[in-house]
Amino acid sequence: MNKKVSLKDIAKAVGVSTALVSYVLNNKEKEARVGKEIAEVIRKKAMEMNYQPNQLAKSLKSGKSFTIGLILADISNPFFANIARTIEDEAKKYNYTVIFGSSDENAEKSRDLIEVLIERQVDGFIIAPTERTESQIESLKKANIPFVLIDRYFPKIQTNYVITDNFGAAYRATKHLIDAGFERIGMIAYKNGLIHMKERVRGYKQAVKDAAYGKALLKEVTYEMGEGEIQDKIDELINGKQKIDALFFATNTLSIHGLKYLNRKKLRVPDDVAVVCFDECDAFDFFYCPLTYVKQPLVEVGQQAVNILLKKINNPEKEEEQVSLASDFVIKKSSAK
């Protein structure tokens, strides 16, 4: 069995002190005292000798595990998958590893994941909370475990969070359809108590109200019921007394299921019904009509979440930060009159 390479082995090979090697490999802020040339020689030699830092020793010395627990609401959703990649990339810059799991919008699964990750001694959490998890968030607060909420938050609980301006984005998307000349705009949204969905619905309703004609044609579906319920609600909108001429989907998952059904019904986009989607998705590229969508700043959400969390880890007394980011709006053919 090969002997594990130590700092002392590298020091001997380079001809410098063990302390100097430690400064370079474990303590970058002191690198200026070392000099760039010798620091580069030490790093190169460490790589040649396949040096692996002793994470346990580092953890004992610093009191940190250098791991972040990431709990997503639904990893199958491209929105969360893309945020996870950004968080992983950003955390790596600070020598942190991300351990993640998906709650699948299930409160019990969320609780189990939190318990497992606490046992793994993560330094903090980034969480996209699901419904009925307020008590879990309160417990993290009471235990003084650093965390940041993303995408959703609970208005009655003071926490760190990074979200997008869902009201503003939904208002802008609906107003775009109104300005394009559409008068009967339907919306398909999830029926839940989470703030991000409520704000998207509120933005849609406010835009319709401000237009001073017609009324909001909102249909809500439950997360558990799936594709069949989405189809039923679309039927209600296209066959109702006020037959819709435009449709706003509140998430990319709703968009995909809805577009498949419109295609099956032989309803052409935008000739029969215009479409705007909240969030983008790679699958949109395969749809015959280029789709108008709300483009959330996923990279910025992930980066800010990591940075706020690390500040909290390093300074537990730091006050909470609440960040709301604006989204872009990408206009394509699907919303043309």
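Go through segment 218-315 and tell me which helices (runs of 4 or more DSSP H), entirely inside it, have 1 or more residues that are assigned by TED's automatic domain parsing to the domain that holds residue 79.
298-314
Considering 301, 275, which residue is under 23 Å from residue 128 (Cα atoms) and either of a type in the set (Asp, Glu) or modelled with pLDDT of 95 or more (or both)? Before you say what the answer is, go through the steps one by one.
Details: 275 fails: under 23 Å from residue 128 (Cα atoms).
Going through 301, 275 in turn, the sole match is 301.
Could you please give the count of residues in segment 246-272 that are of a type in the set (D, E, K, R) and surrounded by 19 or more Cβ atoms within 10 Å (Cβ to Cβ)? Working first, answer last.
From segment 246-272, those of a type in the set (D, E, K, R) are 260, 264-266, 268, 271-272; that's our starting set.
Now drop any that are not surrounded by 19 or more Cβ atoms within 10 Å (Cβ to Cβ), which leaves none.
Adding up the residues that qualify gives 0.
All but one of (1) over 23 Å from residue 89 (Cα atoms); (2) surrounded by 15 or more Cβ atoms within 10 Å (Cβ to Cβ) hold for residue 302; state the number of the condition that does not hold.
It is condition (1) that residue 302 fails.
Of the residues that make up segment 187-195, is at least one surrounded by fewer than 23 Cβ atoms within 10 Å (Cβ to Cβ), of a type in the set (Gly, Ala, Ser) and within 29 Å of residue 227 (Cβ to Cβ)?
yes
For residue 205, state whether it is free of Cβ contacts under 8 Å to residues at least 12 places away in the same chain and assigned to a helix (DSSP H, G or I). Explain how you work it out, then say what you get.
Numbers: free of Cβ contacts under 8 Å to residues at least 12 places away in the same chain: no; assigned to a helix (DSSP H, G or I): yes.
Considered against the rule, which asks whether it is free of Cβ contacts under 8 Å to residues at least 12 places away in the same chain and assigned to a helix (DSSP H, G or I), residue 205 comes out as no.
Which ones in segment 312-337 are of a type in the set (D, E, K, R) and under 30 Å from residue 143 (Cβ atoms)?
Hits for segment 312-337 are 312, 317, 318, 319, 320, 321.
The values are calculated or read from the model by the stated rules, or taken from the named source; none is laboratory data. Only a predicted model underlies this, so the values are computations on that prediction, with no experimental measurement involved. Methodologically, a virtual Cβ is constructed for each residue, glycine included, from the backbone with ideal geometry; neighbour enumeration extends over all protein chains shown.
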